[in-house]
Amino acid sequence: MVDDLLKEENLRIIPFREKKMYIVDNHQYALLVWAREALKHGIPGMLVSIDYHPDTNPPFWLHAYQKAMAIDPEREEKLVSLFQKKVLGAVNPLYLETLAEKMPLMRNDEHINTAMELGYLIDYHMINCMEKHCYATGKHYLVPEENFGILKDEMFCAAEFDLSIFNNHEPLFSILDIDLDYFMKRENFVPAPNEMTIFRALLKKADVITCARSVTYFEHLKMDNFTIDACEDALIAMIKEFIE
């Protein structure tokens, strides 16, 4: 069932020497890749995600909220928690088929904290253009508007992202996750090796790379005349140049 879902998501696997990049249509399905990798490594991973949106809503929140409001709006908060726990309780983290069965209930901004709840991640670092949330777990980094879409050191520094996050998490495996809706212009993909040392370090540290096409959001946010396929291919080419 997991492979069938990923096939429906037009999974594309790009090999880069000793590591691979997994590309899916909708971001929440990257969770299936993270889960499989966590089980393969036998340890939870640490995620660094680069996205226009923060994608850190609680697990199965919209499904639970809609059910709660339909039953009793006055008890919404209690019912939401109840319905979330019910869905999570039906998932055995050791058996991916049980997670795959519940994927239709998950929105494309709920996968990160679902991964935390299920133990596939021990920590996450979310670099995004919208919100600098302060949650009990994970950390958010807000990209200033003048740095939207770029992967140069100036963006990471402006967002106050520091590679020292890896110092306290060895020997956990690392995931680098990228949403194509982060990129708005073709010029975002002009390689500048001397100005992209942090991104190159993230690529080096990553045991696995995941990517979401998020075509609806990409089309809405882009500021240049290029297609989702061109954006995807440009990112692959840039990563390949840096890794190989």
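The values are calculated or read from the model by the stated rules, or taken from the named source; none is laboratory data. Every value quoted in this text rests on a predicted model; they were computed, and no experiment measured them. Cβ atoms come from the backbone with ideal geometry, glycine included; neighbour counts cover every protein chain shown. Heavy atoms of the whole protein, side chains included, go into the accessibility calculation; ligands, DNA and RNA do not. Shrake-Rupley method; radii C 1.70, N 1.55, O 1.52, S 1.80 Å.
Values as computed for the structure displayed
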quantity	calculated
Test set (1) open to solvent by 10 Å² or more (accessible area, probe 1.4 Å); (2) touching a residue at least 12 places away in the same chain (Cβ under 8 Å); (3) charged (D, E, K, R) - Glu219 fails condition number	(2)
Residue match in the range 180-190 (condition: within 20 Å of Pro15 (Cβ to Cβ), under 15 Å from the mean Cα position of the chain (by Cα) and not in a helix (DSSP H, G or I))	no
Considering residues of the range 175-213 that are open to solvent by 10 Å² or more (accessible area, probe 1.4 Å) and of a type in the set (S, T, N, Q) only, the residue nearest to Asp51 (Cα to Cα)	Asn188
The range 47-73 residues that are without any contact (Cβ under 8 Å) to a residue 12 or more places away in the chain, paired with ones that are crowded, with 21+ Cβ neighbours inside 10 Å (beta carbon under 9 Å, 6 or more apart)	Met69/Val80
Some residue of the range 13-26 being assigned to a helix (DSSP H, G or I), surrounded by fewer than 22 Cβ atoms within 10 Å (Cβ to Cβ) and not charged (D, E, K, R)	no
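Residues are listed down the side, and each one gets a yes or a no for (1) open to solvent by 60 Å² or more (accessible area, probe 1.4 Å); (2) of a type in the set (Lys, Arg); (3) at pLDDT 95 or above:
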| residue | (1), (2), (3) |
| --- | --- |
| Glu74 | yes, no, no |
| Gly89 | yes, no, yes |
| Leu96 | no, no, yes |
| Ala100 | no, no, yes |
| Arg107 | yes, yes, yes |
| Met116 | no, no, yes |
